[in-house]
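I have placed the structure first, in the form of structure tokens, so that the comments after it can refer back to it.
The values are calculated or read from the model by the stated rules, or taken from the named source; none is laboratory data. Since the model is a prediction, treat every value here as computed from it, not as a measurement. Glycine also receives a Cβ, built like all others from the backbone with ideal geometry; neighbour counts cover every protein chain displayed. What goes into the accessible areas is simple: the full protein's heavy atoms, side chains included, and nothing from ligands, DNA or RNA. Shrake-Rupley method; radii C 1.70, N 1.55, O 1.52, S 1.80 Å.
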Amino acid sequence: MKVKRKIMAIVLGVSLILASSVPSALATEDHVHDEICGYSDGQCIYESDGAEEAEEAEEAEEAEEAEEAGDSAADEAESGETTDSLDSDTNDDSMPAEGESDSGSGQMDEETGEMTESGQESDLDEEIKETGGESDEAADAEEETEELEESAAESLALTATGEGTENGQESGSDEEIMDTGNAAEEGTLSADNAGDAGEDSSETGAETGEGSNKTEDTEEEDIEEEDTEEDTGEGSGEAADAEEETEESAESAVQSLALTAAMSLTSASGNGWTLDDNGKLTISSDTGMSNWFSNRNSYMSQVKSVVIADSVTYISSNAFDSASNLTSASIGSGVATISAYAFQNCISLTSITINKATTKISDLAFYADISITDVFYSGSETEWNSVSISVGNTYVTGAFIHYNSSSAHTHTHSTSFSWSSDYSSCTVTISCSGCNSTKTLNCTVTSESTDASITYTAKAKIGTETYSDTKTVPRAPTPTVTISGVTTSSITVTAPSGTDQNTYGTAVYSIDGSTWQESNVFSSLYAGTSYTVYVKYQGKSTYAESVAGSTTAATDGATYIVTIPSTVTAGGDSVYITVGEDNLDLGLYGQVDVSVTFGVNGDGTLSLIREGDLSSEVTCQMYVNDVAATSDTFAVTTFKEGSTSPVAIRFGEPEEETILAGKYSRTVQFTITFSQ
């Protein structure tokens, strides 16, 4: 017996939508400095934060100090006596001793005609210059502070209103993009500039203090020095006030810039749409939909919820494609068709509100939105069933539909599981506490088995929500298996009692341990073959299916009777080979083959030998069902159940013309073989 099997391997092909990426907002390094930058159509729009004004004020201050130095020298020329007196008293320690010279260090003052040290003036000269400059410096610092505060206030006002200009052109509020990273950095730079202004004032105060100490050293010798000290003290006080005001101004500017950066962190708006700092996008008109579509790539990652007003009549294709942080969407009554790809790849989208005015959801509108759990629909279940929903929207159709719900509502889902009697299948009905809508799903059932019990787990999923139920059931007892009868092609198993089957479930039987049947008789088996027979209870009510019991049994060997005539006369009538149908039991695929294996010549003829004279013979042709044989060995016929027709055998007349008198004979051997 040969068994041939064909194995077909089927390979299934798999495809990935990338989600497409969202382009980042425009960025440039051309304006990373002490300005606040926003972007509109690739142009940088900025306002000064006061740093440039502070720098200009510092340059002006240095120029004034140089001018004051010249004025001080002129004053010395006019009051030479006082200067001489002070020089003689206050610079004794610094002048060279008599007879000594400082080579290359002395130079003539062009205005006074006096020799002074190179690059140095007398202490009192410095003191007078510093004291004279302090008043002007304090005034400059105060003016600088006012300008800085005014600039910061203007920057804050412009940022808060979303307006800005460059080269006389106004940036539309719907197109302007505030670069929050730059704003934060610029706030730091502005603070540094303000701090620099404070340091300048501190240095001024320090110099003034130094001048004051020198004046105190000469107070006892000359009353004019005391007057100088008083003037110096007044200058020092003014410088301290200026320093304090500068620090306050710097702090105010930093706070203003920090507030500006916070205000522009996520909020944005355009013509007909707004995006608040909580990520809520509201589109209020068709113009807004168009304008949003043009600007969407700059803000898509910030969108957490979408509200489309009733006044909007369409949704652009790809309008919210790949909004990865979008969790909810509400579509107004003006939208009849949700365009293709409108919300595809919104992997965080869990809730959708759809008005009953929507009659079509186009191809792939919600493709790959794997998290959709709830759809709030303002119409009835019948109206929802009439909505044309194209391919690629299975996450919408598979969601929980809340009928007659014009908006999302707070709710909980209650579940009711229904198991089959044998725990092989289960359904779950989900009910909404908020709107009483229901949805019934088929569950996937898995099981884990031990010899004592089976635990069944049923699961159903909607979006990100998974509903499950488990049942642990004790096994029915293992049945005892006995054989009540066998034949060549069948085995009969003794069935468990009716009482046991009523308690533990219907008994089922298997000949291979995998295919089960309710009949206790196995037929069409191979004859003379050993089998393992299995029996188990299917389980019922409080019992799971039992562990299968087993035993071995063998079928009887094949039975058949083939009759072949013992003699036949050459040139005479045909004789027949037959099989007895009453005794024919061959089992599954059993057959009996009859063939000639000896006595015939290679050309299908037969040589008859004359009795008593081995040298004399005659030749005649052999026929099977009137067909001439052509070889010395060949198949004659095959008998099997349903094919038992007799086979005619005959031999033709001798071929020789002259034949000696006598008896001629020859033996032909037939072989009978059983196979299955």
Original post:
Can we say residue 515 is loosely packed, with under 15 Cβ neighbours inside 10 Å, farther than 30 Å from residue 643 by Cα, touching a strand residue (DSSP E or B) at 6+ places or on another chain (Cβ under 8 Å) and among the polar types (S, T, N, Q)?
Top reply: no
Subject >> Yes/no for residue 483 being out of contact with any Gly (no Cβ under 7 Å at 6 or more places or on another chain) and surrounded by fewer than 18 Cβ atoms within 10 Å (Cβ to Cβ) >> reply: yes
Subject >> Selection from segment 388-421 of residues that are at pLDDT 95 or above, open to solvent by less than 60 Å² (accessible area, probe 1.4 Å) and more than 17 Å from residue 375 (Cβ to Cβ) >> reply: 417
Original post:
Any idea which of 502, 583 is in contact with a strand residue (DSSP E or B) (Cβ under 9 Å, 6 or more places away or on another chain) and over 19 Å from residue 422 (Cβ atoms)?
Top reply: 583
**OP:** Specify the residue that is farthest from the chain's Cα centre (by Cα); the eligible residues are those in segment 469-499 that are of a type in the set (A, V, I, L, M) and under 13 Å from residue 525 (Cβ atoms).
**Re:** 486
Original post:
Given (1) surrounded by 14 or more Cβ atoms within 10 Å (Cβ to Cβ); (2) part of a strand (DSSP E or B), where does residue 597 come up short, assuming only one miss?
Top reply: (1)
**OP:** Would you check if there is a residue in segment 537-548 being exposed (fewer than 14 other Cβ atoms within 10 Å of the Cβ), part of a loop (DSSP other than H, G, I, E, B) and at pLDDT below 90?
**Re:** yes
**OP:** Report whether or not residue 527 is open to solvent by less than 40 Å² (accessible area, probe 1.4 Å), in contact with a Leu (Cβ under 8 Å, 6 or more places away or on another chain) and over 25 Å from residue 425 (Cα atoms).
**Re:** yes
Original post:
Where residues in segment 294-316 are open to solvent by 50 Å² or more (accessible area, probe 1.4 Å) and within 24 Å of the chain's Cα centre (by Cα), which of them is farthest from residue 375 (Cα to Cα)?
Top reply: 297
Subject >> Count of segment 351-369 residues which are surrounded by 18 or more Cβ atoms within 10 Å (Cβ to Cβ), polar (S, T, N, Q) and assigned to a loop (DSSP other than H, G, I, E, B) >> reply: 3
**OP:** With the condition kept exactly as written, say whether any residue in segment 564-575 is exposed (fewer than 12 other Cβ atoms within 10 Å of the Cβ), touching a Gly at 6+ places or on another chain (Cβ under 9 Å) and under 30 Å from residue 487 (Cα atoms).
**Re:** no
Original post:
Just for segment 549-563: of the residues that are of a type in the set (Gly, Ala, Ser) and modelled with pLDDT of 95 or more, which one is surrounded by the most Cβ atoms within 10 Å (Cβ to Cβ)?
Top reply: 553
Original post:
Can you spot a residue in segment 435-448 that is in contact with a Pro (Cβ under 8 Å, 6 or more places away or on another chain) and surrounded by fewer than 17 Cβ atoms within 10 Å (Cβ to Cβ)?
Top reply: no
**OP:** Return yes when residue 372 is part of a loop (DSSP other than H, G, I, E, B) and crowded, with 21+ Cβ neighbours inside 10 Å and no when it is not.
**Re:** yes
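Listed here are the residues, each with its yes/no results for (1) modelled with pLDDT under 90; (2) over 60 Å from the mean Cα position of the chain (by Cα); (3) among the small types (Gly, Ala, Ser); (4) under 30 Å from residue 525 (Cα atoms).
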| site | (1), (2), (3), (4) |
| --- | --- |
| 632 | no, yes, no, no |
| 636 | no, yes, no, yes |
| 647 | no, yes, no, yes |
| 661 | no, yes, yes, no |
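Residues are listed down the side, and each one gets a yes or a no for (1) modelled with pLDDT under 95; (2) more than 27 Å from residue 537 (Cβ to Cβ); (3) more than 26 Å from the chain's Cα centre (by Cα):
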residue	(1), (2), (3)
353	no, yes, no
357	no, yes, yes
361	no, yes, no
366	no, yes, no
376	no, yes, no
383	no, yes, yes
386	no, yes, yes
423	yes, no, yes
454	yes, no, yes
Original post:
Residues in segment 633-655 that are in a loop (DSSP other than H, G, I, E, B) and open to solvent by 70 Å² or more (accessible area, probe 1.4 Å): how many?
Top reply: 7
